[in-house]
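Visitor: Can you read through this structure? Questions will come right after.
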Amino acid sequence: MEFNHKPVLLNECIEGLNIKSNGIYVDGTLGGAGHSKEILKKLSKDGLLIGIDRDEEAICVAKERLSEYNNVKFVHDNHDNIKEILENLDIFGADGILLDLGVSSYQLDEKNRGFSYMSEARLDMRMDKSQDLDAEEVINTYSEEKLSKIIFEYGEEKFSKIIAKKICEERKKKKIETTSELVDIIQKSVPVKSDGHPAKRTFQAIRIEVNDEIKPLYNTIINSIDALKPNGRLCVITFHSLEDRAVKNAFIDSIGKCTCPPDLPYCVCGAVSKGKIITKKPILPSLEEQNINSRSKSAKLRIFERNGE
């Protein structure tokens with residue numbers, strides 16, 4: 001299958017990274033290499049791009065699409081490990097880092113990956129197919145309470161308790177193994193809704209749980225900021241309210257805002273600023289981009305700049 005993926009907020013990201021031709025840049029979510037290719041166009045032969053992805057298929061496609069460039073290092077790993085990845089490459093400061101969070105269009109469209117509620121497939125949903133935990137295990141082994149919590153928090157699904165209860169009832173009769181089986185259970189659990197497919201929120205929630213997309217994110221953002229050179233920039237695109245909240249909180253904590261009571265004569269909380277937030281409000285895609293690329297509709301871009309020397 002062709003790896004189709006329109007890079008979201010492309011021009012805004014390239015502008016936000018403030019690219020130096022001889023700089024070191026990291027695309028922590030390489031995907032179809034859409035963002036990476038534009039970064040490379042602005043780099044000289046003395047510049048370097050490090051492309052990271054947990055999906056080996058994405059790495060293979062990116063290598064082919066970026067084959068004309070000699071200044072790229074490809075890493076099959078999770079961007080949550082960015083600190084260790086850069087240290088292993090003997091790189092101790094990046095001029096810019098980009099994180100485009102969430103699932104790629106290719107992963108959704110590739111039927112055998114099990115991400116989509118529109119296609120028949122084994123319940124998988126792993127971005128990194130070498131990991132053990134998959135959607136089938138989550139659906140068939142998690143307690144009703146834990147399933148309900150995940151579906152409510154990660155999917156923002158108000159019928160989470162009913163869906164979790166029905167899943168647990170059905171798996172007692174037979175192991176739930178395919179996407180269509182799960183979709184059928186969800187459709188029988190909730191009333192018809194006007195805001196899209198009834199399985200959309202549950203599938204999103206299970207995917208986030210399988211790939212542990214939320215819990216490490218705050219620390220990933222902090223580590224990414226720490227990995228920047230002076231005046232280096234971090235651009236992060238989010239698609240989910242919990243993602244955006246984690247990024248926003250990490251940015252706020254990194255500016256070192258003093259939390260001391262206002263009546264104290266001097267700061268005692270030890271707040272230290274790592275830099276400044278470039279985007280007071282997140283950058284949103286234009287209406288034109290939203291019409292061209294429906295995936296961009298929920299996208300938000302936030303940018304942080306590390307302190308200068």
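Bear in mind these aren't lab numbers, they're just calculated from the coordinates by the rules spelled out. Since this is a predicted model, take the numbers as computed values, not measurements. No Cβ is skipped: glycine too gets one built from the backbone with ideal geometry, and neighbour counts run over all protein chains shown.
Visitor: From the helices alone, meaning DSSP H stretches of at least four residues, give me the mean residue ellipticity at 222 nm for the chain, per-run term -39500 (n - 2.57), in deg cm²/dmol to the nearest 500.
Guide: Roughly -11500 deg cm²/dmol at 222 nm, from the helical runs in the chain.
Visitor: What are the semi-axes of the equivalent ellipsoid of the stretch 1-76, taken as the square roots of 5 times the eigenvalues of the Cα gyration tensor, listed largest first and rounded to whole Å?
Guide: 19, 14, 10
Visitor: Same structure, new question: Which value, in Å to one decimal place, does the Kirkwood hydrodynamic radius take for the stretch 213-309 when every pair of different Cα atoms is included?
Guide: Every distinct Cα pair counted, the radius reaches 14.8 Å.
Visitor: Here is a follow-up. When all alpha-carbon pairs of the stretch 53-202 are counted, what percent fall beyond 26 Å?
Guide: Value for the stretch 53-202 (Cα pairs over 26 Å): 38 percent.
Visitor: Still on this model: Using alpha carbons only, how many degrees (0 to 90, rounded to 10) separate the axis of helix 160-173 from the longest principal axis of the chain?
Guide: Long axis of 160-173 versus the principal axis of the chain: about 50 degrees.
Visitor: Any idea what angle helix 179-189 forms with the longest principal axis of the chain, computed on alpha-carbon atoms, 0 to 90 degrees, nearest 10?
Guide: Between the helix axis and the principal axis of the chain, the angle is about 70 degrees.
Visitor: Here's something else I'd like to know. Under 16 Å between alpha carbons, and skipping anything fewer than 8 positions from Lys276 in its own chain: which aspartates and glutamates qualify?
Guide: Partners found: Asp95, Asp226, Asp253, Glu305, Glu309.
Visitor: May I ask for the equivalent-ellipsoid semi-axes of the stretch 114-210, computed as the square root of five times each C-alpha gyration tensor eigenvalue and listed largest first in whole Å?
Guide: Semi-axes, largest first: 18, 15, 13 Å.
Visitor: Using the Karplus equation 6.51 cos²θ - 1.76 cosθ + 1.60 (θ = phi - 60°), what ³J(HN,Hα) coupling, rounded to whole Hz, does each residue of the stretch 52-64 give in order, writing x for Gly and Pro?
Guide: 10, 7, 7, 9, 4, 5, 5, 4, 4, 5, 4, 4, 5
Visitor: Which of Met125, Val183, Gly93 sits farthest toward the positive end of the charge dipole of the chain, with +1 on the Cβ of Lys and Arg and -1 on the Cβ of Asp and Glu?
Guide: Among Met125, Val183, Gly93, the one farthest towards the positive end of the dipole of the chain is Val183.
Visitor: Dipole of the chain, Cα-centred, from +1 at each Lys and Arg C-beta and -1 at each Asp and Glu C-beta, to the nearest 20 debye?
Guide: 820
Visitor: Quick one, which of (i) 35, 25, 17; (ii) 37, 20, 19; (iii) 49, 18, 16 is the actual semi-axes √(5λ) of the Cα gyration tensor in Å calculated for this model?
Guide: Among (i) 35, 25, 17; (ii) 37, 20, 19; (iii) 49, 18, 16, the one calculated here is (i).
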